[in-house]
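Scroll down for the structure; my scribbles are underneath it.
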Amino acid sequence: MVMARRSFEGTLAVAALPRLVSALVDDAGVVRFALEFGRDAFGTAFLNVRAQADLRLLCQRSLEPFACPVAVDSRLGLIREESEEAALLPGYEPLLVDAEPLRLASVIEDELLLAMPLVPMRPGSEDAIAAWAVPADDELEPATRVNPFAALRTLK
C-alpha cells in the first residue's frame with residue numbers, strides 16, 4: 001500500500017470498535033475517516049490518519065451523557081522493529097508493523113482512543129460545580145458555626 005500510495009476514505013460504525021465502545025456511554029454514531037499511505041522525501045513509509053466522530057461520553061462534572069466531537073490528524077511512521085523509532089523525523093508517531101496484516105480499523109480505533117479527553121466534561125457543566133460547592137466559613141450563618149474551643153470556656 002505504501003508503494004502504490006493507496007488512500008481510503010469512508011465511514012465506520014462506532015459499534016464495530018469494541019475497545020472504543022467500552023469507554024463510551026453507547027455505541028451510536030459513525031466515524032468518518034481518510035487514510036493515506038506513502039513515502040516522504042527521506043524514504044520513510046508513513047500512514048496519514050484523519051478521523052472525526054461525535055462520541056457519547058459521560059460528563060465527570062454532571063454525570064450526564066453528552067456528544068463530544070473528537071478529531072484526529074496524525075502521521076504514523078511505519079517501522080518493523082522498535083529500534084527504528086529513533087530514526088523517525090519529528091512529527092511522526094511510530095506504528096510497529098509486524099508479520100501480521102495491518103488492521104486499519106484498529107489503527108483508527110487506537111488514534112480515537114488517544115484523542116479522547118482524559119476527563120470528559122460537557123461544555124457548560126460549570127454550573128454543576130456551583131451546585132455541589134461547599135460554602136466557605138464566612139458564608140455560614142453565625143448560629144451554625146461551632147467553636148471547637150467553646151468547652152474550654154467552662155473550665156476557666
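Going by the conditions given, is R122 modelled with pLDDT under 95 and touching a Cys at 6+ places or on another chain (Cβ under 7 Å)?
yes
Take region 63-81 and flag every residue that is of a type in the set (A, V, I, L, M) and either surrounded by 19 or more Cβ atoms within 10 Å (Cβ to Cβ) or touching a strand residue (DSSP E or B) at 6+ places or on another chain (Cβ under 8 Å) (or both).
Hits for region 63-81 are A67, V70, A71, V72, L76, L78, I79.
Please determine, by comparing only the residues of region 82-106 that are of a type in the set (D, E) and without any contact (Cβ under 8 Å) to a residue 12 or more places away in the chain, which one is surrounded by the fewest Cβ atoms within 10 Å (Cβ to Cβ).
E100
Which one of the conditions (1) in contact with a strand residue (DSSP E or B) (Cβ under 7 Å, 6 or more places away or on another chain); (2) in a loop (DSSP other than H, G, I, E, B) does L89 fail to meet, given that it meets all the rest?
Condition not satisfied by L89: (1).
Could you check, for region 99-106, whether at least one of its residues is aliphatic (A, V, I, L, M) and either at pLDDT 90 or above or not in a loop (DSSP other than H, G, I, E, B) (or both)?
Yes, there is a match, as at least one residue in region 99-106 is aliphatic (A, V, I, L, M) and either at pLDDT 90 or above or not in a loop (DSSP other than H, G, I, E, B) (or both).
Name the pairs whose Cβ atoms lie under 6 Å apart, with the first residue in region 59-81 and more than 18 Å from L118 (Cβ to Cβ) and of a type in the set (K, R), the second surrounded by fewer than 19 Cβ atoms within 10 Å (Cβ to Cβ) and at pLDDT 95 or above, and 6 or more positions between them or separate chains?
R75/N48
Please report, ordered by residue number, the strands (runs of 3 or more DSSP E) entirely within region 2-62 with at least 2 residues that are surrounded by 15 or more Cβ atoms within 10 Å (Cβ to Cβ) and at pLDDT 95 or above.
30-39, 45-58
Within the set of pairs 6+ apart or on separate chains, which have a first residue in region 15-43 that is farther than 23 Å from R5 by Cβ, a second that is hydroxyl-bearing (S, T, Y), and C-beta atoms under 6 Å apart?
Every condition considered, the pairs that remain are V30/T11.
Name the single residue, out of those in region 107-126 being aliphatic (A, V, I, L, M) and buried (at least 19 other Cβ atoms within 10 Å of the Cβ), that is farthest from A53 (Cα to Cα).
Only one residue tops the list, namely I108.
The values are calculated or read from the model by the stated rules, or taken from the named source; none is laboratory data. Only a predicted model underlies this, so the values are computations on that prediction, with no experimental measurement involved. All Cβ positions, glycine included, derive from the backbone under ideal geometry; neighbour counts span all protein chains shown.
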